Each structure stands twice: as structure tokens, then as C-alpha cells.
Amino acid sequence: MRIAVTVLAVAALASVPLWLRDPYLLNALITTGIFVIGAMSLNLLLGFTGQLSLGHIAFFGIGAYVSALTSLGFDIGLPGDFRLVHAPWPPIAGFVLAILIAGLCGYFVGLLSFRVRGAYFVIVTISFAEVVRLVALNWVELTQGPLALTNIPSIALPLPGFGELTLRTKMHNYYLVLVVALIAYLLIARLVHSHFGRAMRGLMENETLAVSVGIDVTRTLTIAAVISAAIAGAAGSLYAHYIRIIDPEVFAFINTVTMVIMVISGGKGSLAGPVIGGLIFGLLPVALRPVMAPEAQWIAYGGVLIAILFVLPRGIVPSLALRLGRRRSRGGALAPVALSETAAKEPA
């Protein structure tokens, strides 16, 4: 049943560019899809290990800058009158490097910060994001600072025997984001249902018991942080090559808050939760913009979030799944009673 629903959902999403001709709405879907990928990566930490990272946007921004600089090239001075020169590489190489370097940063942050828990971990992640933002803002020779990196090339896919396909149109980018989101979803699903995924859940539910059965806490959480950061880096790379301009505002705290809202509203710890929450809160501003003033939009945005969490406190997906399960169990319990009453009324 779940597989059928997933296939139908993917088919429905794949059909959108065929009937949606409004470029504004298609652009909104692309940017929403990119942030959904970021929300899925955050859910791996928040939903399956219980670790709240409020600096998750750092890995998104690192992926964006690494991919942009790899495809644009740079020439910077080093101490001792040395210079580091990098010639432009194909954007697809930047995409791969964004994943690798974001994952490497996730490894170092996880290795250091998972030795502490709770509020200390949150502070470490926020501090890391702010440090990276300040580096992007002040290292003008490399990042252009507030002037931004511009003219970032679009991703081009090599086609053996046919050259390459440059993904310039919105339709091309929509399908690229959809494919990367699907790969990220399947990767997280495979990970969560593996032995490693059970170890993550064990740490979230009862860390003391998990340690007593031989689970290495720091190793498990660090690996989860690496995978989460790598997926966020991939989302950042897609963002850079689609928007084609990147400045330090990509590290803004509101972007992390947006991802957290997507995860919490959709249902943390569920695979489909960040997707549902992401689509709702990614497209809600687009729906409100023509009918409300900017101030009223934020009020409505917050009101919808409060209403969802009040009516569905576990998030949309887990709460609806729980209610559906209760209805099925009630139906199963009532069926034997109805059969016994029918049998009692029949003549001997």
C-alpha cells in the first residue's frame, strides 16, 4: 500500500510541468523542492536521533558556495606571496564536491559537538553556522562578500555520444530537483530501516539502554550528521546553480527555522513528514501573497502552524496515520461481534 501511494505521488509530481504553465508557480515548486531536500536531511538528525541542529543551514550554504566556486573558479592570495588559482570546473563536479565537503564539515562538527547534548549541542551548531556566515561575508577575495557570487553556470549533464545537456529551463531544473529529492528520500528510507537506523532510534528513545547493548553513541550520531550534512550540501548546490547568485544571506537563521517548521509540522521521525510539511509551508506564502499584506502573511503563516500542531500534535503524517490505525482496529474489533450476533439469530 505504501509503495503504491509513493509511486502515485511521484507520478503526480512528475506530471506537474506538463500541465502547469505558470513560470512563477513552477519557480515556487522548484525552490520549495530544494528546501524539502534540506528538511529531509534535518529530519535525519531531529526525527531519528533526537538532536536539534539550529545551524543546519550552514551545510546548505557550504554546499552552495563550494559548488559555485568550483564552477566559477577563483584566484586568492595566501601568506608568503603565494596564490591559489583554481580554473573553472564543470558544474556537475561542483555538485559532487559540495556533497563531499558538506559531509566532511558534518563529520568534524558531529565529532566535536556530539560529546555534549541538549542545549550545548544547539549552541554549538548555531555558533558554527554564524562562523561560516561571517567567513562568507568577510573573505571578499574568495566569496565577493555582500557583493555576491554571480553568473553561476547551470548544471550540465554529460550525455555519452551526444555531448551534454545544460539544465537552463525551469522544467529541466524541476525534474533535476525531483530526481535528487527522490534519491535522498530512498537513501534515508533505506538507512532508517537498516540496523544502523534501529541504532539511531534506540539512542533517541533510551540512550542508556542503547549504550548497554553495545551501540557506540558518538560514532552513530556522527555518521548520521555526515549523511545529513551531505544531503543538505546537495540541496545547497542545486540552489546555487538554479538561482545563479549566492550571497551570505543564504546562511540566514530564518532558513534553518523554515526547515524546522517543515519537519515539525509534517511530523518528525516520519519519512513523508518533511515532504508534506515542506510543500505546505513552502507554497503557503505563494498562496497568501496575492491576497494579504506582508504583515498579515506572517500572522496567517504562524496561525496555520499553530492550528496544525494543535489539531495534529505529532505532526500531519504521524497523527493521521495514528487515527487511521485506530479506525482500522475498531473496525476489526466490531466485525467478530457482528458475525456472532448474526449466528445467534439463525435457527438451529
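The values are calculated or read from the model by the stated rules, or taken from the named source; none is laboratory data. A quick note: this is a predicted structure, and the numbers were derived from the prediction, not measured. All Cβ positions, glycine included, derive from the backbone under ideal geometry; neighbour counts span all protein chains shown. Calculation scope for accessible area: heavy atoms of the full protein, side chains included, ligands and nucleic acids excluded. Shrake-Rupley method; radii C 1.70, N 1.55, O 1.52, S 1.80 Å.
Screening I155 on (1) farther than 26 Å from L52 by Cα; (2) β-branched (V, I, T); (3) open to solvent by 80 Å² or more (accessible area, probe 1.4 Å) shows it passes everything except condition (3).
Does R115 fit the bill of being surrounded by fewer than 22 Cβ atoms within 10 Å (Cβ to Cβ) and in contact (Cβ under 8 Å) with a residue 40 or more places away in the chain? Taking the combined requirement at face value, the residue satisfies it. Evaluate segment 197-204: report whether one residue or more is in contact with a Ser or Thr (Cβ under 6 Å, 6 or more places away or on another chain), surrounded by 16 or more Cβ atoms within 10 Å (Cβ to Cβ) and under 13 Å from I34 (Cα atoms). No: zero hits. Which of the residues belonging to segment 272-283 are free of Cβ contacts under 8 Å to residues at least 40 places away in the same chain and either within 12 Å of the chain's Cα centre (by Cα) or open to solvent by 30 Å² or more (accessible area, probe 1.4 Å) (or both)? I280 - this is the single residue of segment 272-283 that is free of Cβ contacts under 8 Å to residues at least 40 places away in the same chain and either within 12 Å of the chain's Cα centre (by Cα) or open to solvent by 30 Å² or more (accessible area, probe 1.4 Å) (or both).
Evaluation of T6 against the conditions (1) open to solvent by less than 30 Å² (accessible area, probe 1.4 Å); (2) at pLDDT below 90 shows that the sole unmet condition is (1). Where helices (runs of 4 or more DSSP H) fall entirely within segment 133-241, those with at least 3 residues that are small (G, A, S) are at 170-192, 195-205. Might you let me know whether segment 211-219 holds any residue that is at pLDDT below 90, of a type in the set (A, V, I, L, M, F, W, C) and surrounded by fewer than 16 Cβ atoms within 10 Å (Cβ to Cβ)? So far as segment 211-219 goes, yes, one or more of its residues are at pLDDT below 90, of a type in the set (A, V, I, L, M, F, W, C) and surrounded by fewer than 16 Cβ atoms within 10 Å (Cβ to Cβ). Is segment 164-181 home to any residue that is over 26 Å from S270 (Cβ atoms), open to solvent by less than 50 Å² (accessible area, probe 1.4 Å) and β-branched (V, I, T)? Within segment 164-181, one or more residues are over 26 Å from S270 (Cβ atoms), open to solvent by less than 50 Å² (accessible area, probe 1.4 Å) and β-branched (V, I, T). Scan segment 158-182 for residues that are under 19 Å from G233 (Cβ atoms) and touching a helix residue (DSSP H, G or I) at 6+ places or on another chain (Cβ under 9 Å) and jot them down. Matches in segment 158-182: L167, N173, L176, V177, L178, V180, A181, L182. Being open to solvent by 30 Å² or more (accessible area, probe 1.4 Å) and over 30 Å from V275 (Cα atoms) is the requirement here; does G161 meet it? So G161 fits the description; yes.
Kindly establish whether S41 is in contact with a Gly (Cβ under 6 Å, 6 or more places away or on another chain), surrounded by 24 or more Cβ atoms within 10 Å (Cβ to Cβ) and of a type outside the set (V, I, T).
On the way: in contact with a Gly (Cβ under 6 Å, 6 or more places away or on another chain): no; surrounded by 24 or more Cβ atoms within 10 Å (Cβ to Cβ): yes; of a type outside the set (V, I, T): yes.
Answer is no for this residue.
Going through segment 236-252 one residue at a time, which ones are open to solvent by 30 Å² or more (accessible area, probe 1.4 Å) and either over 12 Å from A129 (Cα atoms) or under 15 Å from the mean Cα position of the chain (by Cα) (or both)? Scanning segment 236-252 gives Y239, Y242, I243, R244, I245, D247.
Close Cβ contacts (under 6 Å, 6 or more residues apart or on different chains) running from residues in segment 246-271 that are at positive phi to residues that are open to solvent by 30 Å² or more (accessible area, probe 1.4 Å) and part of a helix (DSSP H, G or I) comprise G267/V317; G267/P318.
Looking at segment 133-149, is at least one residue over 24 Å from I76 (Cα atoms) and either touching a helix residue (DSSP H, G or I) at 6+ places or on another chain (Cβ under 8 Å) or open to solvent by 40 Å² or more (accessible area, probe 1.4 Å) (or both)? No, every residue in segment 133-149 fails to be over 24 Å from I76 (Cα atoms) and either touching a helix residue (DSSP H, G or I) at 6+ places or on another chain (Cβ under 8 Å) or open to solvent by 40 Å² or more (accessible area, probe 1.4 Å) (or both). In segment 289-311, is there at least one residue being touching a residue at least 24 places away in the same chain (Cβ under 8 Å), more than 17 Å from the chain's Cα centre (by Cα) and closer than 26 Å to M200 by Cα? Yes, segment 289-311 contains at least one residue that is touching a residue at least 24 places away in the same chain (Cβ under 8 Å), more than 17 Å from the chain's Cα centre (by Cα) and closer than 26 Å to M200 by Cα. Residues that are surrounded by fewer than 22 Cβ atoms within 10 Å (Cβ to Cβ) and part of a loop (DSSP other than H, G, I, E, B) within segment 253-270 comprise just one, G269.
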